[in-house]
There are 2 protein chains.
Amino acid sequence: MARANRVGNPREDYGARMTQLVRVHNFGVSSDGYAAGDGQSLERPFGHADPMALMSWAGATASWPNRTDPGGSRGLEDYLVRDFHRNVGAEVMGRNKFGPQRGPWTDHDWQGWWGDEPPFHTPVLVMTHHPRPSFTLGDTTFHFVGGEPAEVLERALEAAGGRDVRLGGGAESIRQFLDAGLVDTLHVAVAPVELGAGSRWWSSPDDLLDRYHRDVVPGSGGVVHHLFWRD
Amino acid sequence: MARANRVGNPREDYGARMTQLVRVHNFGVSSDGYAAGDGQSLERPFGHADPMALMSWAGATASWPNRTDPGGSRGLEDYLVRDFHRNVGAEVMGRNKFGPQRGPWTDHDWQGWWGDEPPFHTPVLVMTHHPRPSFTLGDTTFHFVGGEPAEVLERALEAAGGRDVRLGGGAESIRQFLDAGLVDTLHVAVAPVELGAGSRWWSSPDDLLDRYHRDVVPGSGGVVHHLFWRD
């Protein structure tokens with residue numbers, strides 16, 4: 001999905017010359033291949049999984065946005081955390097990342113898990129077959145869009161204004177784009193925890209090697225980072 | 001040298017909240033610890049060293065700015081290359097990085113190695129005891145400054161407008177800032193080539209462990225990346 005970048009900015013161009021990429025970043029999965037547990041609810045966005053067990057490597061970095069004390073590492077994993085927002089112009093997420101509701105939208109007071117200042121700072125396209133008006137919180141605007149992955153991506157690329165599109169998850173949503181051949185790069189962090197059940201991401205980190213190059217990089221606390229890209 | 005960042009930008013803040021850092025990036029050295037060879041000249045900026053042998057890992061990435069064909073890896077080393085410009089507001093370099101001349105500036109036609117569009121896009125402070133007027137090429141302005149490292153850094157931090165300062169080398173220049181305790185993070189890429197002599201950077205990659213944390217990350221073609229940070 002690499003395409004000509006019509007937005008000129010010498011500093012941004014250093015990292016994204018001529019292409020508009022579709023990227024997956026900081027996507028945490030268990031050692032047995034689940035990105036979330038069973039039983040999502042308002043109280044447990046990740047079901048029976050502990051999101052901190054999946055993402056503790058990120059929380060230990062200096063650039064982790066929820067950090068309240070000054071410390072934190074500025075080694076390899078800080079590069080991975082920093083890159084999350086670099087040159088991203090829009091995010092696409094599945095509706096289960098946006099909230100635990102299913103079916104038609106009956107409660108418009110629910111505006112996601114993130115409070116008054118969501119951490120996206122771009123348009124966010126929430127994939128759902130049920131219509132709902134767009135709304136804005138802080139500098140993030142949420143749109144609710146139906147259609148096939150290729151149609152959703154077309155809208156996201158336009159909303160991104162020449163910058164990249166991040167696929168924010170969950171697993172099922174990203175898999176739809178993968179199966180349609182629409183993903184350029186992925187960063188998947190495999191944590192040393194087993195979930196046994198939940199939202200299936202892959203059967204093995206080798207699943208994508210028929211389509212992608214890969215770097216495997218050891219991280220902190222037993223995490224292993226898998227970086228995928230294609231020609 | 002971490003200090004309060006007075007420039008507010010939600011997107012930038014993700015990676016640089018509250019601090020203005022002094023950083024070394026993509027600094028290539030030989031396996032025996034030299035950052036350049038002997039005998040610098042107009043024709044050979046790195047003396048008897050081949051800069052491509054030191055930096056081939058960077059040239060193989062998709063984000064390498066001198067790349068003319070579309071390919072290139074988007075794995076680990078692409079993160080390192082992309083990060084070179086992120087949130088940098090000024091560069092400090094030694095005069096030997098700027099040119100092969102020594103002593104007073106007699107030829108003002110010499111404006112560095114980089115042609116009409118230098119790749120810095122920020123103020124650049126060239127350390128020299130010999131005065132010379134500032135000049136601008138493209139969106140890079142070169143200033144020529146004397147004084148101790150702490151004084152030079154004070155000017156660079158001001159010129160950076162709240163963003164970070166990159167120390168661009170060469171080895172002798174960065175060592176002055178290291179010895180004065182002024183460097184926050186370093187990325188040093190150790191290439192599998194021996195130079196035998198030249199501009200000495202360190203006797204061993206372990207030299208800095210009394211003052212810095214370190215991640216050691218294997219790269220492509222036998223390169224080893226050392227990422228240093230301090231509390």
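The values are calculated or read from the model by the stated rules, or taken from the named source; none is laboratory data. What you see is a predicted model, and the numbers here were worked out from it, not measured in a lab. Note that we place each Cβ from the backbone using ideal geometry, even for glycine, and neighbour counts take in every protein chain shown. The protein model used for the area step is the full one, side chains on, heavy atoms only, and it has no ligands, DNA or RNA in it. Shrake-Rupley method; radii C 1.70, N 1.55, O 1.52, S 1.80 Å.
Which ³J(HN,Hα) values, rounded to whole Hz and listed in residue order, are derived for the stretch A:43-52 from phi using the Karplus coefficients 6.51, -1.76 and 1.60 in 6.51 cos²θ - 1.76 cosθ + 1.60 with θ = phi - 60°, glycine and proline given as x?
Per-residue couplings from phi come out as 7, 10, x, 9, x, 6, 7, 9, x, 5 Hz.
Just to make sure I understand: if all protein chains stay in place, what is the order of B:ARG163, B:ARG155 by accessible area at 1.4 Å, largest first?
B:ARG155, B:ARG163
When the Cα centres of the stretch B:122-142 and the stretch A:61-100 are compared, how far apart do they sit, in Å?
Each part's Cα centre sits 36 Å from the other's.
What average number of partner chain Cβ atoms lie no more than 10 Å from the Cβ of the residues making up B:216-227?
2
At 222 nm, what value in deg cm²/dmol follows for chain B if DSSP H runs of at least 4 each add -39500 (n - 2.57) and the sum is divided by all its residues, to the nearest 500?
Helix contribution divided over all residues of chain B: -5500 deg cm²/dmol.
Write down the percent of antiparallel bridges among all DSSP beta bridges whose residues are both part of the stretch B:22-229, to the nearest 5.
Looking only at bridges with both residues in the stretch B:22-229, the antiparallel portion is about 45 percent.
Is the C-alpha gyration tensor of the stretch B:22-229 telling us rounded, prolate or oblate? Criteria: a/c under 1.5 is rounded; beyond that, a/b larger than b/c is prolate, otherwise oblate.
rounded
Just how many % of Cα pairs in the protein assembly as shown lie over 27 Å apart, if you round to the nearest whole percent?
Value for the protein assembly as shown (Cα pairs over 27 Å): 57 percent.
Report the relative contact order of chain A, percent, no decimals, based on alpha-carbon pairs under 8 angstrom and at least 6 residues apart.
Rounded, it is 29 percent for chain A.
So between B:SER41 and B:SER203, what do we pick up on full extension, going 0.36 nm a residue minus the alpha carbon distance?
Once the chain is fully extended between B:SER41 and B:SER203, it gains 55.8 nm.
Please list, by residue number, everything in the stretch B:140-183 whose backbone N is under 17 Å from a paramagnetic label point 7 Å out along Cα→Cβ of B:ASP210.
B:175-183
Which far-off residues, 5 or more places away or on another chain, put their amide H under 5 Å from the one on B:THR128, with H placed in the peptide plane?
Excluding prolines and chain starts, which carry no amide H, the hits are B:VAL145, B:GLY146.
Nearest the rotation axis from A to B, which residue of chain A has its beta carbon, and at what whole-angstrom distance?
A:TYR79, 2
Take peptides A:131-140, B:144-153, A:221-230 and line them up by average Cβ neighbours within 10 Å, highest first, as a rough protection proxy.
A:221-230, B:144-153, A:131-140
Can you list the residues, at least 5 places off or on another chain, whose amide H is less than 5 Å from the amide H of A:GLN20, using H built in the peptide plane?
A:ARG3
Let me confirm one metric for peptide B:62-73, namely the mean number of other chain beta-carbon atoms within 10 Å of its residues' beta-carbons.
Taking all residues of B:62-73 together, the mean is 3.
For a Förster distance of 41 Å, can you work out the FRET efficiency between the beta-carbons of B:ASP231 and B:HIS108, rounded to the nearest 0.05?
It comes out at approximately 0.40.
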